[in-house]
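The values are calculated or read from the model by the stated rules, or taken from the named source; none is laboratory data. Since the model is a prediction, treat every value here as computed from it, not as a measurement. With ideal geometry, Cβ positions are generated from the backbone for all residues, glycine too; neighbour counts draw on all protein chains shown.
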Amino acid sequence: MLDEIKKQIIEFIRKATEVEISTDELVIPPDDKFGNLSLACFGLAKILKQSPVEVAQKLVEAISHELSATRDKRQVISRANAVGPYLNFFLDQSFLNKKILEQDIEKTKLPKTKGKIMVEYSGPNPGKGFHIGHLRNTVLGIALINLLRRSGYKIIPVNYLNDTGTHIAKVIWIYQKYYAGKEPKANRGEWLGWLYAEAEEKLQANPEIKDEISLIHKKLEAKEKLIISIWKKINQWSLADFNKIYKQLGAKFKKIYWDRDYINQGKKIVDELLEKGIAMKSDGAVVVDLEKYNLPTLVVLKSDGTALYITKDIAMAKERFKEYNPDKMIYVVGNEQSLHFRQLFKILDLYGFNQAKNCYHLSYELVRLKEGKMSSRAGKVILYEDLFEQALAKSLAETEKRHLDWPKKKIALTAEKISLAALKFDMLKHDTNQIITFDFDEALSFEGDTGPYLLYTYARIQSIKRKLQTTKPQNKSKQNIDYSLLNSLEEKKLIKEISRFNDVLISAIENYKPSLVAVYLLNLAQELNTFYHKHKVIDGNNTELTWARLKLIDRVGQALQNGLNLLGIKELEQM
RNA sequence: GUCCCCAUAGUUCAAUGGAUAGAACGAGAGCCUUCUAAGUUCUAGAUGUAGGUUCGAUUCCUACUGGGGACACCA
């Protein structure tokens with residue numbers, strides 16, 4: 001945002017020392033008293049073979065001289081000083097305010113990027129419930145996609161659903177044996193999740209059930225009519241549930257991949273791998289020896305000739321390369337599968353795909369419970385729909401309490417947005433490498449570092465704007481704002497925070513870390529609230545100041561709105 | 001045994017190698033006749049251990065300790 005000024009400073013330094021520093025070395029100092037931009041002179045000191053304190057001091061002299069020589073012109077850099085080894089620049093506050101506040105946040109350009117990126121995310125299992133682990137994945141995927149799109153990439157969002165395998169056989173078994181013909185009116189997918197847990201429980205108690213399940217599995221693969229009809233039902237119910245959740249969360253997919261479609265193709269590829277000498281037989285199974293690449297040997301086809309996850313993944317990747325030819329493929333999948341993906345990418349590489357080097361596993365840590373790992377098998381899961389219901393009940397009660405005059409519908413819509421903001425933000429504020437230990441009280445909290453706090457801050461800004469419109473509608477679009485009036489500590493801090501918006505986005509995109517945006521928004525909201533309590537925007541005595549402050553809070557609101565939307569959270573005008 | 005992730009306040013989390021390690025929750029004390037108290041102000045409170053690199057390390061490297069996960073027919 002301050003590129004021109006940075007260039008000027010670099011030019012000053014080059015003139016004085018004949019050394020050219022990079023723009024990255026000019027940073028925003030930690031405290032207002034150190035000015036608006038500073039340079040740590042350690043690097044220069046080394047090159048110039050002088051002490052950093054000395055370098056800073058000499059540069060201040062040289063630069064001050066330059067500045068006074070050009071004093072008659074409107075100078076942006078008002079002065080420079082040295083604090084120990086640090087060289088600090090103080091910019092003209094009025095100029096800075098204007099520069100930052102007149103920039104439309106929505107339209108600011110990020111470094112140019114182009115290309116197509118396929119993003120696979122969400123991946124719940126039909127027949128099992130959509131739990132809070134899937135919530136983390138889905139919400140992370142949505143935010144990532146929004147951020148990548150914002151920076152100019154074309155995104156192909158896809159989902160991969162696993163509708164074959166033993167877990168499905170277990171659900172079919174218990175359904176056929178105990179629940180045939182029965183079905184709940186709603187949330188059937190969730191219901192299946194509980195059936196699955198029950199099947200596991202029964203299996204634990206009576207291990208001989210395994211034979212019955214395995215028989216079902218074989219019938220399924222043999223496409224026996226009755227079994228297939230149950231299987232179809234299960235997939236439909238699950239998908240209906242997932243789609244309902246996706247609609248609520250705002251997840252969209254260009255294509256859904258079903259793993260049943262890749263079994264045969266996968267087997268063909270395994271044959272090719274054998275022919276090419278990449279794979280070999282071992283104990284009846286087909287394996288790929290990856291020891292040369294410091295990876296463990298991997299089974300790609302079971303000894304009974306059936307396919308594995310990896311078999312289908314290879315086939316699916318091949319089809320994706322062919323159909324969409326993406327420049328990059330991002331798999332948003334939990335950290336526990338990092339080895340799997342390293343092996344997959346290596347095999348794709350050996351198979352001859354140049355695209356293999358552009359495949360990326362975006363791993364994130366699990367959502368755990370206080371009692372330990374979640375397990376759909378043991379029924380120790382927190383399902384999304386249960387959690388959402390609790391959040392909704394709470395936000396309904398809170399909203400009703402505050403707005404006795406609102407119609408029911410408005411309360412319901414508001415409460416839903418608040419609930420989603422709370423749940424989504426709770427997942428997104430954590431770094432992807434951090435395990436989230438799920439806590440109901442925390443997830444359902446609307447105070448502190450939460451989504452509702454951000455919504456509240458935004459709504460508060462809108463409220464001021466509304467009030468101003470009714471009291472002074474004649475001055476709706478003020479042209480010449482006196483930015484020099486924004487000179488209190490709180491205002492300067494807010495402006496500084498707004499100026500960071502673009503850098504935060506860039507960093508979040510480069511590192512695939514939506515959490516950076518989340519944390520930034522909390523800081524910004526906090527600064528706004530501090531300002532709010534200390535200063536009044538609407539001040540009858542000083543209209544000029546009101547217009548300047550209106551501009552300020554309007555920009556903060558824009559930054560909050562934009563940031564929230566990028567995270568997949570909708571703002572609220574009132575709450 | 002090998003590999004991956006993590007270790008900061010009582011708890012949950014922040015901090016492109018830079019100036020005084022920031023928040024939130026919880027605890028204690030304040031602030032609503034004033035633009036929304038889902039807010040805000042004040043108080044108490046932290047970098048696992050030992051080395052190394054560096055002018056400078058919460059950050060990078062090594063070892064150790066502790067936690068989570070993965071490692072041939074699960075996904």
Residues in region A:307-334 that are within 7 Å of RNA strand B (Cβ to nearest atom) and either in a loop (DSSP other than H, G, I, E, B) or basic (Lys, Arg) (or both): how many? 1
Pairs with Cβ under 6 Å, 6+ apart, first in region A:475-488 and at negative phi and of a type in the set (Lys, Arg), second at pLDDT 70 or above and surrounded by 14 or more Cβ atoms within 10 Å (Cβ to Cβ): A:Lys478/A:Trp547
Go through region A:267-304 and give me each residue that's near RNA strand B (Cβ under 7 Å from one of its atoms) and among the small types (Gly, Ala, Ser). A:Ser282, A:Gly284, A:Ala285, A:Ser303
Name, by its number, the condition in (1) more than 19 Å from A:Asp426 (Cβ to Cβ); (2) within 23 Å of the chain's Cα centre (by Cα); (3) within 12 Å of RNA strand B (Cβ to nearest atom) that does not hold for A:Asn358. (3)
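Conditions (1) closer than 18 Å to A:Ser376 by Cβ; (2) assigned to a helix (DSSP H, G or I); (3) in contact with a helix residue (DSSP H, G or I) (Cβ under 7 Å, 6 or more places away or on another chain), marked per residue:
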residue: A:Gly141; (1), (2), (3): no, yes, no
residue: A:Leu148; (1), (2), (3): no, yes, yes
residue: A:Val158; (1), (2), (3): no, no, no
residue: A:Ile172; (1), (2), (3): yes, yes, yes
residue: A:Lys185; (1), (2), (3): no, no, no
residue: A:Leu195; (1), (2), (3): yes, yes, yes
residue: A:Glu201; (1), (2), (3): yes, yes, no
residue: A:Pro207; (1), (2), (3): no, no, no
residue: A:Glu212; (1), (2), (3): no, yes, yes
Within region A:31-81, residues assigned to a loop (DSSP other than H, G, I, E, B) and out of contact with any strand residue (DSSP E or B) (no Cβ under 9 Å at 6 or more places or on another chain) come out as A:Asp31, A:Lys49, A:Gln50, A:Ser51, A:Thr70, A:Arg71, A:Asp72, A:Lys73, A:Arg74, A:Gln75
Condition check: in contact (Cβ under 8 Å) with a residue 60 or more places away in the chain, part of a helix (DSSP H, G or I) and crowded, with 23+ Cβ neighbours inside 10 Å. Does A:Leu135 satisfy that? yes
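Hey, among A:Glu389, A:Glu371, A:Glu385, which residue is farther than 30 Å from A:Leu413 by Cα and of a type in the set (D, E, K, R)?
A:Glu371
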Go over the candidates A:Arg368, A:Arg377, A:Arg342 one by one and state the one that is outside any helix (DSSP H, G or I), near RNA strand B (Cβ under 9 Å from one of its atoms) and either surrounded by fewer than 18 Cβ atoms within 10 Å (Cβ to Cβ) or not aliphatic (A, V, I, L, M) (or both). A:Arg368
Unique match (being farther than 30 Å from A:Asp405 by Cα, more than 8 Å from RNA strand B (Cβ to nearest atom), in a helix (DSSP H, G or I) and under 25 Å from the mean Cα position of the chain (by Cα)) among A:Ala548, A:Ala508: A:Ala508
Quick check on this structure: which one of A:Val299, A:Val333 is in contact with a Leu (Cβ under 9 Å, 6 or more places away or on another chain) and either small (Gly, Ala, Ser) or closer than 29 Å to A:Lys116 by Cα (or both)? A:Val333
Surrounded by 18 or more Cβ atoms within 10 Å (Cβ to Cβ) and either acidic (Asp, Glu) or modelled with pLDDT of 95 or more (or both) - does that describe any residue in region A:185-193? yes
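Here is a yes/no grid of residues against (1) β-branched (Val, Ile, Thr); (2) under 20 Å from the mean Cα position of the chain (by Cα):
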| residue | (1), (2) |
| --- | --- |
| A:Val76 | yes, no |
| A:Glu120 | no, yes |
| A:His134 | no, yes |
| A:Ile145 | yes, yes |
| A:Arg150 | no, yes |
| A:Asn159 | no, yes |
| A:Thr166 | yes, no |
May I ask you to list the residues in region A:418-453 that are surrounded by fewer than 22 Cβ atoms within 10 Å (Cβ to Cβ), within 6 Å of RNA strand B (Cβ to nearest atom) and in a helix (DSSP H, G or I)? A:Tyr453
